1. Can you run down the residue pairs with Cβ atoms below 6 Å, 6 or more apart or on separate chains, where the first is in the stretch 396-411 and buried (at least 22 other Cβ atoms within 10 Å of the Cβ) and the partner is among the basic types (Lys, Arg)?
2. Which residues, counting only those in the stretch 821-831, are more than 20 Å from Asp842 (Cβ to Cβ) and surrounded by 13 or more Cβ atoms within 10 Å (Cβ to Cβ)?
3. Please pick out the residue among Asp315, Asp350 that is open to solvent by 10 Å² or more (accessible area, probe 1.4 Å) and either outside any loop (DSSP other than H, G, I, E, B) or within 30 Å of Tyr591 (Cβ to Cβ) (or both).
4. How many of the residues making up the stretch 193-208 are in contact with a Phe, Trp or Tyr (Cβ under 9 Å, 6 or more places away or on another chain) and either in a helix (DSSP H, G or I) or modelled with pLDDT under 95 (or both)?
5. Within the stretch 869-896, track down each residue that is polar (S, T, N, Q) and more than 15 Å from Leu942 (Cβ to Cβ).
6. Mind checking which residues of the stretch 130-170 are assigned to a loop (DSSP other than H, G, I, E, B), open to solvent by less than 40 Å² (accessible area, probe 1.4 Å) and under 30 Å from Pro338 (Cβ atoms)?
7. Quick one: in the stretch 496-528, which of the residues that are hydrophobic (A, V, I, L, M, F, W, C), part of a loop (DSSP other than H, G, I, E, B) and crowded, with 20+ Cβ neighbours inside 10 Å is nearest to the chain's Cα centre (by Cα)?
8. Checking Val572 against (1) under 30 Å from Gly313 (Cβ atoms); (2) of a type in the set (Val, Ile, Thr); (3) open to solvent by 30 Å² or more (accessible area, probe 1.4 Å), which single condition isn't satisfied?
Amino acid sequence: MTRRHRRRKSWIAYGAGAVALATAATYGTIALASPSGGSTTDAKAGRSQTELQADFAAAAREFQVPQSVLMAVSYRQTLWESHQGHPSTTGNYNVMGLTQVTDADLDQPTDADRLAHLNQSGDPAVSKHFNPQRALSADRAKTKVDTSDPRLHTLDAAAKLIGASASEVRTDPRQSVRAGAALLAQYEKAAVGSLPADPGRWWAGIARYSQSPDRAGAKQFVQRVYDTVKTGATRVTADGQTLTLTADPSVVPVEPSKVLLAATTTTPAVEAATAPECPSGLNCAFVAAAYKQNSSTPDDFGNYNVSQRPGNGEDVRYIVIHDMEGTYDGSIKEFQNPAAYASAHYLVADDGRVTQMVQLKDEAWHAANKTVNMHSVGVEHEGYAIKAGDWYTEQEYDSSAVLVKYLAQKFGIPLDREHVIGHDEVPGVLDANVKTQHWDPGPYWDWNHYMSLLGAPDGAGGAGGPLRAGQLVRVVPPYTTDNQPTLTNGGTAVPAHPANFLYLYTTPSTSGALPVDPYLGTVKWSDGANWADKVPAGGAYVVAGAQNDWTAIWYQNQKLWFHNPGGQYTSVVAPTQVITPAAGKTSIPVYGRAYPEDAAYTGTNVPVQPSNTASLTKYSIAAGQSYAQAGPEMAGDYWYAGTYAGTATGDRTLVKGTNLFYPIRYNHRIAWVRASDVQQTTSVAAVSTAGRHNLLGRDASGVLWQYQGTGSATTPFFSRFRTSAGWQIYNVLSALDTMNANGTGDLVGRDSSGTLWYYRGSGKPSAPVLSRVTVGPGWNIYSRLLGAGDVTGDGHPDLIGMDSSGYLWLYKGTGNATKPFAARTPIAAGWKIYTSLVAAGDVTGDGRPDLLGRDSSGVLWVYKGTGNAAAPYATRTRIGGGWQGYTSIVGTGDISGDGKADLVARDSAGQLWYYKGTGSATAPYATPRIGVGGGWNIYNTLL
């Protein structure tokens, strides 16, 4: 639960004019295939992509900390992310996650703020007893953050150790690494009296660095750090830093008898005798939430409903992710106040500790929606009201993911974003409750990362591709600097940071109107509670249309658009059942809960609930629209807890109706529709990648970018996609054949020593080549190396090389990944007359790859392929002059989808031109040429 929808300055932000201008500046001038489109994550200007890796190495030497330990500690705290110097929700900073929290850093909650996260039953039969003043009298003192706790000031202590200012340690990654290394070394030496060279003997220092006040919590962090040391890790950070921690499975962790734990000013809660329901290996305790009668009224009690889930028919279908907006210990105390009318099954601390407070058989009051509370498990995550806090610690993500995987397996809950949802995705039950629903865990919960930890990636990071109406897609914006929407809080700007949503528009343009929600009234589109214009990461929606880099989805009874460069911000779901209004229905109602019909209460001794069958009257779905299911059809039901004692007639009874409901992804939130109002249809399959070819470009920093072919002659390429870095080590790069949209196509690269390396196509568009294989040394005898396609007709792509004398040699492909080429055979002499050689594919239409040569006068010649290894090319034929103005010419294969090989050429101004193949040997390219776009001189190699 959270008050963030009302006041958090770091999370709320979103103002119509500000964002419209910002996004227009970001997207408005991009041509379809402009090099600046699509994914642009890269290292900051003036900072090499491996600088942070070097910082770890230097700090490890300086402070005598094994580099593997230092890097693994950081990885388990922050995934090596600097977060641009912004604090986490619990006051951690920079790469090493050091803490600094003062009273000035905290928003001071008002009584209205406190009330906003109490009274969460979502059941009018319960909430009618909620007494705000009674609840607040106990809440005010319990939720205060004790900023004198030394665990909240590790950054200051570490800064002193290295003689740096706190500001430097907060904002400079190098100083953060140095400070973290110094503090880790201090902890280790204080515990064992030395700084061991053996990484396995740093248990004590790592445990103390966790800042966990109990040994089990510290041990959990130590084990995770050593897991990373043993298995290794590699990652590109949000700001483009490439880091690798080499696996070292030989490390043997040694737990010492003496482990110094973090001091704390907080008195731990008293654990109950009840055993926690947690997976083995997770540091988990049980502290009971209050279950107590609040007045003489028999049904006035808190803080949960006793039940017998799932054996009583009250099945568990969802897991709801929350943010506490307070401390771990304070939230425990809050849920022990029976007047709070709020609870959760589990709480997760920033150091990875877990406390269960409500048994899974019982119905916690956490989501302010009776149907969701009945059928879900609520998991709260520690996060203070830090004014600028905008990320969560990795320890918190790790423990949460371990817990949620366990819960999903226990109850058979699908691990997807329609079943693992945020509180912001839970609807209000009735018209009066829609506006007041919460929106935690907020825009800075990294759903992409979290779903990967659950072992159920949502498809983020894909290479994209064409979309079409009727497909079911997951919206998966990158949680990187490529997606930093402008956010404000009451007009006050929030620092740029990756976010977990995309803005929606009524037209495919940032200048278009933004959608509104009929329940929100005169609220700025920038308010955090304004879910009308924000599509959440991981959510499934049906495509309503596609136009260049824009995609439309059905969302809240509207066709709304979001910017989707090259389709990279969506992942197409395999054909599955989706929901649409039944034949003959022009419009159908939408519900905020799924209750049984009135008649179902007959004979149960349970009263019919107020507004029992009421829909959300301002929501509907028109004919022709389709929505993703958020679960199978289920009968409406209602668990009647009745009195505190549970002994009155009708108490603790499940009323189950015959009316069936489908849960759907309606807007930012889920909702329900009656099964009798809808029909199921099957979503459309993904567009085939067959026959579409790509263009690759290497920039000056060594990043290789992929432009996926569209199959259209007028707009031949989608926005670029970053494949990988490190390609600057090669002075020659060449595709052996066409690079294809399905991730096939092989590459070779020659390094400065003359060694040739072979990269086989992976069949995975987002990572199109496998790890490199050494071909051998001595290739620097060639002034040119060129993948020529299957010259010999045996089904394997071949390689040609021209030596310094102008002699051309053929290396026949073998199809063997470990030895990809046979011994060379001669082709002919005299090729030195050409300033450029181009493997153009089958230019002449006879099924054999051809070769182009441009001479010094700018005339282009074609050498028709013969399919004969002994004489692979026929006599040349003149194509035409005027080609001297191009700095690069690339045979791309069939770009337009007509089965004929095409060509692209870049001029000295950086303009890329497209030449459509005709299949004619005498006039192989159509005129006029087509301009693709400018800016292509950022690449030193095109292939």
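The values are calculated or read from the model by the stated rules, or taken from the named source; none is laboratory data. From a predicted model like this one, the values you see are computed outputs, not experimental measurements. Cβ: placed from backbone, ideal geometry, glycine included. Neighbour counts: every protein chain shown. Accessible surface areas use protein heavy atoms only, side chains included; no ligands, DNA or RNA. Shrake-Rupley method; radii C 1.70, N 1.55, O 1.52, S 1.80 Å.
1. none
2. Phe821, Ala822, Arg824, Thr825, Ala828, Trp831
3. Working: Asp350 fails: either outside any loop (DSSP other than H, G, I, E, B) or within 30 Å of Tyr591 (Cβ to Cβ) (or both).
One residue alone meets the criteria, Asp315.
4. Summing the residues that are in contact with a Phe, Trp or Tyr (Cβ under 9 Å, 6 or more places away or on another chain) and either in a helix (DSSP H, G or I) or modelled with pLDDT under 95 (or both) in the stretch 193-208 gives 8.
5. So in the stretch 869-896, the residues polar (S, T, N, Q) come out as 875, 877, 884, 887-888, 892, 896.
If the condition is that a residue be polar (S, T, N, Q) and more than 15 Å from Leu942 (Cβ to Cβ), then Thr875, Thr877, Gln884, Ser896 are the ones that fit.
6. Phe130, Thr143, Val145, Thr147, Asp149, listed by residue number.
7. Here is the first cut: in the stretch 496-528, the ones hydrophobic (A, V, I, L, M, F, W, C) are 496, 499, 501-502, 504, 513-514, 516, 520, 523, 525.
Going one step further and asking which of them are part of a loop (DSSP other than H, G, I, E, B), we end up with 496, 499, 504, 513-514, 516, 520, 523, 525.
Still in the running and crowded, with 20+ Cβ neighbours inside 10 Å: 499, 504, 514, 525.
On the way: Ala499: 9, Leu504: 18, Leu514: 24, Trp525: 24 Å.
Only one residue fits best here, namely Ala499.
8. With respect to (1) under 30 Å from Gly313 (Cβ atoms); (2) of a type in the set (Val, Ile, Thr); (3) open to solvent by 30 Å² or more (accessible area, probe 1.4 Å), Val572 is out only on (1).
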